[in-house]
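A.B. asks: Got a structure for you, written out below as structure tokens; questions coming shortly.
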Amino acid sequence: MNDATYMKLALSLAAKGAGRVSPNPMVGAVVVKEDRIIGRGYHRAYGKPHAEVEALKKAGAAAQGADLYVTLEPCNHQGKTPPCTQAVLNAGIRRVVMATRDPNPRVNGGGAEFLQAQGVQVEIGLLADEARRLNEAWFKWVETGLPFVVAKAACSLDGKIATAGGESQWLTGEQARAFGHHLRHQLDAILVGVGTVLADDPQLTTRLPSPKTENRKPKTENHPRDPVRIVLDSRLRLPLSARLLHLDSTAPTWIACTPVAPRDKIQDLQELGAEVLMLPSEPGGLVALKPLLAELGSRRVQSLLVEGGAETLGSFFDQRLVDKFYFFYAPKILGGKTAPGMLAGAGAKHLGNALQAKDLQVNKLGPDLLVTGYL
């Protein structure tokens, strides 16, 4: 096998950490000696050993003189775990192949340079684009301080999210809905407008089965993870009886409001365990989205799933704040000029001002179509 084959394996291992390692990146590592894999590992959860350490431990003494393939530059600083570069040296690795450098200013270049200074052969850039795409949310957050924004919506083939009479559940089938819950598990936070809460009373939790293990008791790190729940509610119209305020979940609920929100309602929400984020307002009195994203970034929220409704989604698209989208199309045609569409907001007045999607992918999930793309 060649270098690219081993790096692809390392990338597939890294992806297993999705939804469990934030605010760390997903990282995979493979130890190879004489064209034979002698160790493999990935970062399983935040606070757990890094991928390189796990792979080297499995390789044991055979790692002496071996090659290490890793999807991200090994850390060279003391964090929640010891520096991985020292583990590489202690194992006697002769060559390290990295997919990409770590953009974190505490790390960038430091790991590679340290290893080179100690006589280790270092190569950087193999499958770099794939490595950055795998950790696209983490790279954006490290480089800008802002979360990676993912929009998700489900509609009919003619772009309607509900009938003219307001019926919307369920447009899509079980496979599409399960995919949506996988997104909730993988991303740090989920956001809806208060109109969605008033209309649907959602829980905004991840409803996926826990993986089975031999003793039938899955490890805590393998349980599906709930995202932080965020509601845009400028005037705090959220009912105190809303289900998302009364959940048995370890994930917090944050309510984003503006200074016009009544103080007694803030106290009521806080007594129910929610945290109220006071933010500036935009013209029209809505919560200002850019300050909200800055606040979320400061709270180490690297990825944000915006699920609706149409006005909220439209605002994010209007302000060009969406990085990636997942649009589900059910094989139904609803029609009706009063039936709500996927996106509201101001929209583009001219074709020349339209948002241009790129890197489109189309997949079939049961009876539904999933269109994925970037902006």
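The values are calculated or read from the model by the stated rules, or taken from the named source; none is laboratory data. As the structure is a computational prediction, the values presented were derived from the model and not from experiment. Quick reminder, even Gly has a Cβ in these numbers, built from the backbone with ideal geometry, and neighbours come from all protein chains shown. Side chains included, ligands, DNA and RNA excluded: accessible areas come from the protein's heavy atoms. Shrake-Rupley method; radii C 1.70, N 1.55, O 1.52, S 1.80 Å.
A.B. asks: Could you calculate the FRET efficiency of residue 3 with residue 264 from 1/(1 + (r/R0)^6), where r is the beta carbon distance between them and R0 is 51 Å, rounded to 0.05?
C.D. replies: Given R0 = 51 Å and the Cβ-Cβ separation, E is 0.20.
A.B. asks: Could you list which residues have their amide H under 5 Å from that of residue 277, counting only those 5 or more apart in sequence or on another chain, with H placed in the peptide plane?
C.D. replies: So residue 277 has HN proximity to 255, 256, 257.
A.B. asks: Let me ask something additional. With every protein chain left in place and a probe of 1.4 Å, what is the accessible surface of residue 140, to the nearest 10 Å²?
C.D. replies: My reading of the accessible area for residue 140 is about 40 Å².
A.B. asks: For the chain, count all C-alpha to C-alpha pairs, find those more than 30 Å apart, and express that count as a whole percent of the total.
C.D. replies: On the way: 32280 of 70125 pairs.
In whole percent, the long-distance tail amounts to 46.
A.B. asks: What is the percent carbon and sulfur in the accessible area of the chain, measuring with a 1.4 Å probe over the protein chains and ignoring ligands?
C.D. replies: Values: 9160 of 18220 Å².
On the chain, the fraction of accessible area on carbon and sulfur atoms equals 50 percent.
A.B. asks: While we're looking at this one, here's another question. In degrees, nearest 10, range 0 to 90: what is the angle between the Cα axis of helix 174-186 and the longest Cα principal axis of the chain?
C.D. replies: On a 0 to 90 degree scale, this one is about 60.
A.B. asks: What list of ³J(HN,Hα) couplings, whole Hz, do you get for region 294-310 from phi and the Karplus terms 6.51, -1.76, 1.60, once you set θ to phi - 60° and write x for glycine and proline?
C.D. replies: Coupling constants for region 294-310: 5, 5, 5, x, 5, 8, 6, 7, 8, 9, 10, 9, 9, 9, x, x, 4 Hz.
A.B. asks: Sticking to Cα atoms, compute the Rg of region 1-138 to one decimal and its Dmax as the biggest Cα-Cα distance, whole number, in Å.
C.D. replies: When restricted to the Cα atoms of region 1-138, Rg and Dmax are 13.1, 36 Å.
A.B. asks: Pulled fully out, how much extra length does the chain show between residue 36 and residue 290, if you take 0.36 nm times their separation in residues and subtract their Cα-Cα distance?
C.D. replies: So the extension gain works out to 86.5 nm.
A.B. asks: Using a Förster distance of 56 angstrom, determine the FRET efficiency expected from the C-beta separation of residue 117 and residue 247, and round it to 0.05.
C.D. replies: Here the calculated transfer efficiency is 0.65.
A.B. asks: Quick one: which residues, 5 or more positions from residue 21 or on another chain, have an amide H under 5 Å from its amide H? H modelled 1.01 Å from N in the peptide plane, none for Pro or chain starts.
C.D. replies: 46
A.B. asks: Can you give me the solvent accessible area of residue 12 with a 1.4 Å probe, rounded to the nearest 10 Å²?
C.D. replies: Probe radius 1.4 Å; accessible area of residue 12 about 60 Å².
A.B. asks: Taking H as built 1.01 Å from N, whose amide H comes closer than 5 Å to the amide H of residue 288, not counting residues under 5 places away?
C.D. replies: Here the answer is 281, 282, since their amide H atoms fall under 5 Å of that of residue 288.
A.B. asks: Also, I was wondering about something else. Straight-line reach only, C-alpha to C-alpha below 12 angstrom: list the aspartates and glutamates that residue 337 could link to, leaving out same-chain residues fewer than 8 apart.
C.D. replies: 158
A.B. asks: Using the Karplus equation 6.51 cos²θ - 1.76 cosθ + 1.60 (θ = phi - 60°), what ³J(HN,Hα) coupling, rounded to whole Hz, does each residue of region 149-155 give in order, writing x for Gly and Pro?
C.D. replies: 9, 10, 9, 10, 8, 10, 8
A.B. asks: Dipole magnitude of region 319-375 about its Cα centre, charges +1 at Lys/Arg Cβ and -1 at Asp/Glu Cβ only, in debye to the nearest 20?
C.D. replies: Using only the charged Cβ atoms, the result is roughly 160 debye.
A.B. asks: OK, next. Quick one: net charge of residue 361's neighbours, Cβ under 13 Å, K/R +1, D/E -1?
C.D. replies: Net charge around residue 361: +3.
A.B. asks: Another question, then. Using the Cα atoms of region 286-354, I'd like the radius of gyration and the largest Cα-Cα distance, Dmax, both in angstrom.
C.D. replies: 14.4, 43
A.B. asks: Roughly speaking, what % of Cα-Cα pairs in region 1-80 are separated by over 20 Å, rounded to a whole number?
C.D. replies: 26
A.B. asks: Hey, any idea what Rg/Rh is for region 249-332, computing Rh the Kirkwood way over Cα pairs?
C.D. replies: With Rg and the Kirkwood Rh in hand, the quotient comes to 1.01.
A.B. asks: Still on this structure, I have one more. Tell me the per residue accessible area of the chain using a 1.4 Å probe; a whole number in Å² is fine.
C.D. replies: Per residue, the chain has 49 Å² of solvent-accessible surface.
A.B. asks: Moving to a separate point now. Starting with the highest mean, order 98-104, 276-282, 16-22 by the number of other Cβ atoms within 10 Å, averaged over the residues of each peptide.
C.D. replies: On the way: 98-104: 21.7, 276-282: 16.1, 16-22: 20.0.
My ranking of the peptides, most packed first, is 98-104, 16-22, 276-282.
A.B. asks: Oh, and also: Determine how large the accessible area of residue 142 is when every protein chain is in place; take a 1.4 Å probe and give Å² rounded to the nearest 10.
C.D. replies: That residue has around 40 Å² of solvent-accessible surface.
A.B. asks: Before anything else, pin down the relative contact order of the chain: Cα pairs under 8 Å, at least 6 apart, normalised by residue count, whole percent.
C.D. replies: 16
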